[in-house]
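Reviewing the structure listed below.
The values are calculated or read from the model by the stated rules, or taken from the named source; none is laboratory data. Predicted model only: the values in this text are computed from it and were never measured. Using ideal geometry, Cβ is built from the backbone for each residue, glycine included, and neighbour counts are taken over all protein chains shown.
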């Protein structure tokens, strides 16, 4: 049975945001993104895939299209296909996100 | 900006497990499943879609294929396309799951 405890998949890198896969399939990515204070995923877009972020721990500053918002633990946000998106950890605490992307980019 | 607070999407029904959509797109479902004690999603399968459950609150007894396991807050599990899966709330507490399915069934 393929179960994972999120906290077991949490690890950080001093160099940059770390992506740790919980599950990978032909249809989707399901990852933990782990950001130390000051780290970010720069704004980018996927033409054919949606991405959903769920804040599992901490607070992140999300950019979706032209808008920015701080989201905290228990918040979720979608970046629909083609829409530029990114996230920064502007806080002084660790940030852990559960991130789904579908369809899985080739 | 399409953000949702999970707790704002949590609501239960005395009749059966409640599915509340956080996001819906051509590519995926992203739902909160809310189960009172004794409620369940019976075992079923989707031929072409994967489903990932993340336990946001409580404890659930998951069936994936021939296996069963209790998962608690912070655990995630995948039911790959074609594999029978379901979940029961055998506990005495409310159960809230974040559920992703992709690709979105027609």
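Of note:
- Failed item in (1) within 11 Å of the chain's Cα centre (by Cα); (2) within 24 Å of residue B:15 (Cα to Cα); (3) more than 7 Å from every other protein chain (Cβ to nearest Cβ), with residue B:98 passing the rest: (3)
- The residue that is surrounded by the fewest Cβ atoms within 10 Å (Cβ to Cβ), among those in segment A:25-41 that are in contact with a helix residue (DSSP H, G or I) (Cβ under 9 Å, 6 or more places away or on another chain) and within 12 Å of chain B (Cβ to nearest Cβ), is A:31.
- Annotation note: of A:46, A:27, the sole residue that is under 24 Å from residue B:55 (Cα atoms) and in a loop (DSSP other than H, G, I, E, B) is A:27.
- Here residue B:44 meets the list (1) surrounded by fewer than 16 Cβ atoms within 10 Å (Cβ to Cβ); (2) closer than 27 Å to residue A:79 by Cα; (3) more than 12 Å from chain A (Cβ to nearest Cβ); (4) at pLDDT 95 or above almost entirely, failing just condition (2).
- Segment A:73-95 - residue that is closer than 22 Å to residue B:54 by Cβ and more than 8 Å from every other protein chain (Cβ to nearest Cβ) and, of those, nearest to the chain's Cα centre (by Cα): A:87
- Verdict on residue A:70 being more than 23 Å from residue A:21 (Cβ to Cβ) and in contact with a strand residue (DSSP E or B) (Cβ under 8 Å, 6 or more places away or on another chain): yes
- Candidates are the residues of segment B:1-24 that are assigned to a loop (DSSP other than H, G, I, E, B) and touching a residue at least 24 places away in the same chain (Cβ under 8 Å); the one that is nearest to the other protein chains (Cβ to nearest Cβ) is B:10.
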